[in-house]
Amino acid sequence: MAEPGVKTNIPNLGVVVSVRGSVVDVRFDANLPPIHSVLHADEGRIIVEVLAQRDPQHVRAIALTPTQGLARGMTVTDTGGPLKAPVGKGILSRMFDVFGNAIDRQPAPTDVQWRSVHRAPPALAKRSTQSEVFETGIKVIDVLLPLERGGKAGLFGGAGVGKTVLLTEMIHNMVGHQEGVSIFCGIGERCREGEELYREMKAAGVLPDMVMIFGQMNEPPGSRFRVGHAALTMAEYFRDDEHRDVLLLIDNIFRFIQAGSEVSGLMGQMPSRLGYQPTMGTELSGLEERIANTETGAITSIQAVYVPADDFTDPAAVHTFSHLSASIVLSRKRASEGLYPAIDPLQSSSKMATPGIVGERHYALAQEIRRTLAQYAQLKDIIAMLGLEQLSPEDRNVVGRARRLERFLTQPFFTTEQFTGMQGKLVSLEDALIGCERILRDEFKDYPESALYMIGKIDEAKAKHPVADTLPEKKTAATHES
């Protein structure tokens, strides 16, 4: 046996003692591999990661690849290190799996270094404490829920309310306008979405500053559980070594928690509330805390968060809320009314929406919009029971303003042009604020609500309905709210 601390070329070999689905127990007689070591079996075709040392001879590992063909008695080789991800300029415009293999049918990148995916978050002393707003070109987000440069924003919603569409639209709007690098991390989502995103980004010409890494829903839980760490290792390289700003897009963070839950169950841990793993908070923090601003660069993260059965009290949603600087809640009710993006402004929030950061004018306007929409929400019950005519003239004006604001805050997306036939619109923050101010001043009360639906700047409403300018000033209440 070699002396401790002396490196030898003799491989550390073990033997498989049991295989249960994705859980593999291995016996090592000489050296027990440390936690997070990667082991290879069947000539490297099957890869497993050590998650527990059961006794002086046995480790329990979780498979990162399918385990078909693995049997008791097979030899396992210890690679002597943890899972590694490729970093460097060579990874730009490429598509990878959790092991750093290129999956875009092109030769493997050459000028890359390999780094462990298990890294500590930056120390508090190295973090930046400045707050800057990150513009997206989407009216409802920039006006009511401004995102933070170097912050974390979550898109919360159940199935089919538009999380992935909103995420892709943000990529489209931001990648073209920012000098940094974008990293897209697909965790446990559909393979079709990854392939479509690759084609869209290539067509938009933004692939040269983008890296994509996927652990999709057809892959084992171990692979889905580690792909987020691999993406963060790539993001940290661009932030720390190249001092560039990074936009990290994760679709979907719930699938990371779900993969952790599957791994935990397979490892034999007793589940806690609603079947989730007892270590959920720690696992999520280990990933989220690495997304941080330092003096040299920032990682801005936008994450889609699937909410099981639209239940926002689900532990997965509750734990994720605590890490975010902005929570964007997508509402099924608004989606059913055709108000896209289906963001519920009264449930969503952003810590950037304070006068000290966005300025007095923007803050006051956002508060007035929220107040108007909240009053309309309270009046909906009365309208449903008694009709609009029973409201006081003042309340009727509030309803008119709120309905026009709701429609003005919709927007045609570039990523859905092929489905809607409407050309996508990018709206600056100033144009969005001016539009909301003019609606609140009742400048558009004589225009039909449909004139404000799916437009960019407010002046497009006049182009849509030029006849409104020639109509007489006085209208009946019924015509007002048609």
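Computed quantities for the displayed model
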item	result
Leading residue by the ranking (nearest to Glu295 (Cα to Cα)) among those in region 200-242 that are at pLDDT below 90 and assigned to a helix (DSSP H, G or I)	Asp209
Residue pairs meeting the criteria (Cβ under 7 Å; at least 6 apart or on separate chains; first in contact (Cβ under 8 Å) with a residue 40 or more places away in the chain and under 13 Å from Gly154 (Cβ atoms), in region 240-256; second open to solvent by 10 Å² or more (accessible area, probe 1.4 Å) and of a type in the set (Phe, Trp, Tyr))	Leu249/Phe184; Asn252/Tyr306; Phe254/Tyr306; Phe256/Phe225
Scan of region 276-313 for residues that are farther than 21 Å from Glu148 by Cα, touching a helix residue (DSSP H, G or I) at 6+ places or on another chain (Cβ under 7 Å) and open to solvent by 40 Å² or more (accessible area, probe 1.4 Å), ordered by number	Thr279, Glu283, Tyr306, Asp310
From the options Val24, Val48, residue that is in contact with a Leu (Cβ under 6 Å, 6 or more places away or on another chain), within 22 Å of Glu262 (Cβ to Cβ) and either in a strand (DSSP E or B) or not β-branched (Val, Ile, Thr) (or both)	Val48
Candidates Arg190, Arg127, filtered to the one that is touching a residue at least 24 places away in the same chain (Cβ under 8 Å), of a type in the set (Lys, Arg) and closer than 20 Å to Arg224 by Cβ	Arg190
Residue in region 247-256 that is open to solvent by 50 Å² or more (accessible area, probe 1.4 Å), at pLDDT below 95, assigned to a loop (DSSP other than H, G, I, E, B) and closer than 20 Å to His172 by Cα present	no
Filter pass, Ala316 being open to solvent by less than 10 Å² (accessible area, probe 1.4 Å) and under 15 Å from Ile257 (Cα atoms)	yes
Selection status of Gly265, over 22 Å from the mean Cα position of the chain (by Cα), open to solvent by 10 Å² or more (accessible area, probe 1.4 Å) and closer than 18 Å to Gly188 by Cβ	yes
Residue that is surrounded by the fewest Cβ atoms within 10 Å (Cβ to Cβ) [pool: residues in region 33-51 that are touching a residue at least 40 places away in the same chain (Cβ under 8 Å) and more than 30 Å from the chain's Cα centre (by Cα)]	Pro33
Entirely in region 51-125, the strands (runs of 3 or more DSSP E) that have 3 or more residues that are more than 27 Å from Ala292 (Cβ to Cβ)	58-63, 75-78
Neighbours by Cβ (under 7 Å, 6+ apart or cross-chain): first from region 62-82, open to solvent by 50 Å² or more (accessible area, probe 1.4 Å); second small (Gly, Ala, Ser) and not in a loop (DSSP other than H, G, I, E, B)	Arg72/Ser18
Subset of region 198-218 (residues that are under 20 Å from Pro86 (Cβ atoms) and either exposed (fewer than 15 other Cβ atoms within 10 Å of the Cβ) or of a type in the set (Phe, Trp, Tyr) (or both))	Tyr198, Pro208, Phe214
Test set (1) more than 15 Å from the chain's Cα centre (by Cα); (2) in a helix (DSSP H, G or I); (3) surrounded by 23 or more Cβ atoms within 10 Å (Cβ to Cβ); (4) not aromatic (Phe, Trp, Tyr) - Glu195 fails condition number	(3)
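The values are calculated or read from the model by the stated rules, or taken from the named source; none is laboratory data. These numbers come from a predicted model, not from an experiment. Cβ sites come from the backbone with ideal geometry, for glycine too, and all protein chains shown count toward neighbours. Areas reflect the complete protein model, heavy atoms only, side chains present, ligands, DNA and RNA absent. Shrake-Rupley method; radii C 1.70, N 1.55, O 1.52, S 1.80 Å.
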